[in-house]
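Peer 1: Can you keep this structure in mind? I'll have questions shortly.
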Amino acid sequence: MGDTTPTYDIFELFGDWRGPAIGLMDLDAFFASVEQLDHPEWRGKPVIVGGLPEERGVVSTASYEARPFGVHSAMPSAQAMRLCPHAIWTHGHFDRYREMSAKVMAILADETPYVDQVSIDEAFFDITPGRFSRENPIDIARRIQRRVSELGITCSIGLGPNKTVAKISSDRMKPRGLTVVPPGTEASFLEPLPVRAMSGIGASAEESLKNIGIHTLGQLAAAPTARLTSVFGVNAEAMRLRAAGCEQSSVSAIDAPDEVKSVSNERTFAHDLTERADIEAALALLGESVGRRLRRKGLAGHTVTVKLNYAYGKGRSAQRRLPHPTDDENIFVGVACELLDKIWSPGMPVRLLGIGVSGFAEQGSVQTDLFCDLDERGAVASDRRDLSVAVDRVRERFGSTSVGFGRAARFGDDLVREDKFLSQNKPRD
């Protein structure tokens, strides 16, 4: 793996650490790093994990050797091939990535019981002195990095008094970086950074903030809340406090149930879909996976979202709130097909399609009526749900491709493969 010596940036520290200590551990170019670990002949060479250009694929992860050529995650594979034609390509080995991720998360669990896994390669952890250990948080973070490097991969860590600061600081030095922002220094650390550095501020919000003269997090923190309402709505004050470093964060104990905000599935197609029948069939296939994961987690949601892209980076989405929660694709896929009328016109090419279910926290507010069947949880179910559950069991025992419906034949094997990971397990750079 080459040099695995960490680099450090301690923003400011006087005496002992006093106050919260929240870390964000981010595995460096995780998928590509595992591939280089397992293929020693690939070390020091540009490696790209993702779909091939001829498959209309997308880059999942690029090694640090590929990045100087401009290759990055979520880039169309065809563009990555043009930028770095000599790169080594692989579809990836996702069981192996899960195995390595589990080993890393076990290291965090050894150090503290307070760990929130954000994705397959990223997790928050709480090492506040006195909460579980009296050791200096910087020493713990350094030990985590050393133990991860013993696995043959590396990580970068941001350490600060809350999750926002930890997240931003984890991106400050990569790879093998440790950026420390002790309590009391968070405001001065955040002040000069561009607003886009803070999660929750995308391109649209960044442009809106620029239009009112706000370019840095310091300017955002100093702005009157009323001035920010046009950009963030009811979240204006919360975003201002985050930019000021005043966020109050908590990290749950490992054995606490995960808070899942949504379950979704999306896919980019080798050839654009232009016929409504094909789009609806694709939604049904994607919905099967969403329904299966909802039932596996014991979740039922109120909100259905459908998303489509008609060109790279350009798309539309629509959603609808249901009167009753559901985990039944025979219900929510039908709603998604109705939502197509809002975002799709006949002949419009569909490059990417997605479907998701959310609104799980609302399950306590169920109102019954005379025209739908509710199960014991108050969730709405169709007369075909039992069939879906039976299919779930067959697939769990014999594999995701062991049984399917005829609509899968429209797309070949590519679409019916199970998603690489759940939405919360998507890798990041």
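The values are calculated or read from the model by the stated rules, or taken from the named source; none is laboratory data. Just so it is clear, the model here is predicted, and its values are computed rather than measured. Every residue, glycine among them, receives a Cβ derived from its backbone with ideal geometry; neighbour counts consider all protein chains shown.
Peer 1: Name every residue in the stretch 179-208 that is touching a Lys or Arg at 6+ places or on another chain (Cβ under 7 Å) and either closer than 19 Å to Leu159 by Cα or outside the structural domain of Val231 (by TED's automatic domain parsing) (or both), in order of residue number.
Peer 2: Matches in the stretch 179-208: Thr179, Pro183, Met198, Ser199.
Peer 1: When the residues of the stretch 30-52 are narrowed to those that are free of Cβ contacts under 8 Å to residues at least 40 places away in the same chain and outside any loop (DSSP other than H, G, I, E, B), which ends up surrounded by the most Cβ atoms within 10 Å (Cβ to Cβ)?
Peer 2: Step by step, filter the stretch 30-52, then rank; the result is Ala32.
Peer 1: Now for a different question. Name the residue, out of Thr268, Thr305, Thr326, that is crowded, with 22+ Cβ neighbours inside 10 Å, in contact with a strand residue (DSSP E or B) (Cβ under 7 Å, 6 or more places away or on another chain) and not charged (D, E, K, R).
Peer 2: Only one candidate passes the filter, namely Thr326.
Peer 1: Could you please tell me which pairs satisfy a Cβ distance under 6 Å, a separation of 6+ or placement on different chains, a first residue in the stretch 117-137 that is in contact (Cβ under 8 Å) with a residue 60 or more places away in the chain, and a second residue that is buried (at least 18 other Cβ atoms within 10 Å of the Cβ) and basic (Lys, Arg)?
Peer 2: Short answer, once both residue conditions are applied: Phe124/Lys163.
Peer 1: Before we move on, is Ser199 within 14 Å of Leu24 (Cα to Cα), assigned to a loop (DSSP other than H, G, I, E, B) and touching a helix residue (DSSP H, G or I) at 6+ places or on another chain (Cβ under 8 Å)?
Peer 2: yes
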